[in-house]
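Note sheet for the following structure.
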Amino acid sequence: MIPFHFSKGKILKSDFLQDLKMNNRVTKILNIRYPLIQAPLYFLTNAELVAAVSNAGGLGTLGPHAGQESLPGSRFVALDRMRKEIRKVKKLTNKPFAATLINGPDMSFWRPTAETLVEEGVEVVLINEVLDAEIFEFFKSHGIKTLYRALTPTIANSKEAEKLGADIIIATGFDEGGTVPSRVIGTFSIVPMIVDSVNVPVIAAGGIGDARGVRAAMALGAEGVYAGTLFLTALENPAAEKVKRLIVDSTAEDLLLFRTLPAYYRSLPTDLSPKLAELDAQNTDRETMFKAMNGYHSLWQAMRLGNFDQGVVSTGTGIYVIKSIRPAADIVSDLMQDF
């Protein structure tokens, strides 16, 4: 039995919690104070957000298009912009932070990105989906820690990531925002399954919005948490102000779920999202749904620019507990109050 219990969101201190604080492998591997990783959120991150999270004791993470006012015309443009954003982060913090590996469907672009991260002294890299021995070996040979995150986590891909040398595995449940897993397995079901499958530390992702979610994840064997939607409402986040206010004013009951490529998306109500839910109810095929959604530009239009008629506002299911727009440091402090 876990030697603590919950009472109206508060926890009784225990030997279990003290052990998590003193022997947490995530904080030791990443050289950070708290076992908290801010999700990259693509263009909904910037140097200010990432540095604020890292300065507060977590691990800030740059998305591929962090800090940008427009979408790039090519991967080379995206990479050049990432280099500049990394340099901005380093002017704002001397703490560790992560950057996302820009790759591409044909595996042709990972090395330019990896070499850039080495040149800029990035200490941690997030590898999404790709399981390639050469990539993991490259980062290991340069002393860079690797976070592995499968779109749909499984026992098999988690074991393979561990075999290839991933330092930490992120177990993402269906509760997350953005492109959700193809299997409908909730965060608090997927976490123990992955924890029991590997020996490296596991981070819980999806639907975690306050300290109670952190405690639950830890009770299931996770050694840290990965939060995205919560940081959308940070003061430093470049998301449109109307998006932040919509999240604060909504609950999970407001979310609409619909099929699209590659699997599913969920959205708070915008001008467009109810139409997508209606198309889905008519069994419209995924490719047509993706086009009707405006593809991945849907997120840029609605969440970055605030054009609710052209896109969706995708969040995780844990939005009920998000009550205010506040500095990233306050979010970190609140989530990690037991540490």
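Is the stretch 293-302 home to any residue that is of a type in the set (A, V, I, L, M, F, W, C) and over 24 Å from residue 207 (Cβ atoms)? No; the residues of the stretch 293-302 include none that is of a type in the set (A, V, I, L, M, F, W, C) and over 24 Å from residue 207 (Cβ atoms).
If you go through the stretch 222-253 and keep only what is open to solvent by 30 Å² or more (accessible area, probe 1.4 Å) and either free of Cβ contacts under 8 Å to residues at least 40 places away in the same chain or within 11 Å of residue 315 (Cα to Cα) (or both), you end up with 246, 249, 251, 252, 253. Which one of the conditions (1) touching a helix residue (DSSP H, G or I) at 6+ places or on another chain (Cβ under 6 Å); (2) more than 20 Å from residue 224 (Cβ to Cβ) does residue 86 fail to meet, given that it meets all the rest? Only one criterion in (1) touching a helix residue (DSSP H, G or I) at 6+ places or on another chain (Cβ under 6 Å); (2) more than 20 Å from residue 224 (Cβ to Cβ) is unmet by residue 86, namely (1). Only a single criterion out of (1) open to solvent by less than 60 Å² (accessible area, probe 1.4 Å); (2) outside any strand (DSSP E or B); (3) closer than 20 Å to residue 30 by Cα is not satisfied by residue 95, namely (1).
Each residue in the stretch 158-168 was checked for being without any contact (Cβ under 8 Å) to a residue 40 or more places away in the chain, under 22 Å from residue 35 (Cβ atoms) and touching a Leu at 6+ places or on another chain (Cβ under 8 Å), and 2 pass.
Please count how many residues of the stretch 257-295 are β-branched (Val, Ile, Thr) and under 21 Å from the mean Cα position of the chain (by Cα).
Initially, the stretch 257-295 is screened for residues β-branched (Val, Ile, Thr), giving 260, 270, 284, 288.
From the residues that got through so far, the ones that are under 21 Å from the mean Cα position of the chain (by Cα) too are 260.
Final tally of qualifying residues: 1.
Looking at the stretch 45-77 only, could you name the residues that are among the hydrophobic types (A, V, I, L, M, F, W, C) and open to solvent by less than 10 Å² (accessible area, probe 1.4 Å)?
Step one: of the stretch 45-77, the residues among the hydrophobic types (A, V, I, L, M, F, W, C) are 47, 49-53, 56, 59, 62, 66, 71, 76-77.
Of everything in the stretch 45-77, those that are among the hydrophobic types (A, V, I, L, M, F, W, C) and open to solvent by less than 10 Å² (accessible area, probe 1.4 Å) turn out to be 47, 49, 50, 51, 53, 59, 62, 66.
Of all residues in the stretch 313-339, those satisfying the criterion of being under 18 Å from the mean Cα position of the chain (by Cα) and aliphatic (A, V, I, L, M) are 313, 319, 321, 322, 328, 329, 331, 332, 335, 336. Mind checking whether some residue in the stretch 255-276 is part of a loop (DSSP other than H, G, I, E, B), closer than 30 Å to residue 23 by Cα and not acidic (Asp, Glu)? Checked the stretch 255-276: no residue is part of a loop (DSSP other than H, G, I, E, B), closer than 30 Å to residue 23 by Cα and not acidic (Asp, Glu).
With respect to (1) open to solvent by 40 Å² or more (accessible area, probe 1.4 Å); (2) farther than 22 Å from residue 155 by Cβ; (3) in contact with a Ser or Thr (Cβ under 9 Å, 6 or more places away or on another chain); (4) not β-branched (Val, Ile, Thr), the lone exception for residue 212 is condition (3). Go through the residues of the stretch 75-97 one by one and say whether even a single one is closer than 22 Å to residue 32 by Cβ and polar (S, T, N, Q). The answer is yes; a qualifying residue exists. With respect to (1) over 17 Å from residue 213 (Cβ atoms); (2) modelled with pLDDT of 95 or more; (3) in a helix (DSSP H, G or I), the lone exception for residue 308 is condition (3).
Mind listing just one residue for me: the one in the stretch 257-288 that is among the hydrophobic types (A, V, I, L, M, F, W, C) and surrounded by fewer than 19 Cβ atoms within 10 Å (Cβ to Cβ) and, of those, farthest from residue 65 (Cα to Cα)?
Initial filter on the stretch 257-288 (among the hydrophobic types (A, V, I, L, M, F, W, C)): 257-258, 261, 263, 268, 272, 276-277, 279, 281.
Then keep just the ones that are surrounded by fewer than 19 Cβ atoms within 10 Å (Cβ to Cβ); that gives 257, 261, 263, 277, 279, 281.
Working: 257: 26, 261: 21, 263: 23, 277: 28, 279: 30, 281: 33 Å.
Applying the filter and picking the extreme gives 281.
Can you tell which of 131, 117 is free of Cβ contacts under 8 Å to residues at least 40 places away in the same chain and more than 24 Å from residue 205 (Cα to Cα)? So that I can check it myself, show each step before the final result.
Details: 131 fails: more than 24 Å from residue 205 (Cα to Cα).
Just a single option satisfies the conditions, and that option is 117.
Just a yes or no: is a residue in the stretch 94-112 touching a residue at least 12 places away in the same chain (Cβ under 8 Å), of a type in the set (Val, Ile, Thr) and closer than 25 Å to residue 232 by Cα?
Residues of the stretch 94-112 touching a residue at least 12 places away in the same chain (Cβ under 8 Å): 95-104, 107, 109-112.
From what is left, the residues that are of a type in the set (Val, Ile, Thr) are 100, 102.
Among the residues that remain, those that are also closer than 25 Å to residue 232 by Cα are: 100, 102.
Yes.
Filter the stretch 98-118 for residues that are open to solvent by less than 10 Å² (accessible area, probe 1.4 Å) and either over 14 Å from residue 139 (Cβ atoms) or assigned to a helix (DSSP H, G or I) (or both) and give the result. Please lay out each step first, then the result.
The first filter runs over the stretch 98-118 and keeps only residues open to solvent by less than 10 Å² (accessible area, probe 1.4 Å), leaving 98-100, 109, 113-114, 116-117.
Of everything in the stretch 98-118, those that are open to solvent by less than 10 Å² (accessible area, probe 1.4 Å) and either over 14 Å from residue 139 (Cβ atoms) or assigned to a helix (DSSP H, G or I) (or both) turn out to be 109, 113, 114, 116, 117.
The values are calculated or read from the model by the stated rules, or taken from the named source; none is laboratory data. Not measured: the values here are computed from a predicted model. Neighbour counts are summed over all protein chains in view; Cβ atoms, including those assigned to glycine, are modelled from backbone coordinates with ideal geometry. Surface accessibility is based on the protein's heavy atoms, side chains included, excluding ligands, DNA and RNA. Shrake-Rupley method; radii C 1.70, N 1.55, O 1.52, S 1.80 Å.
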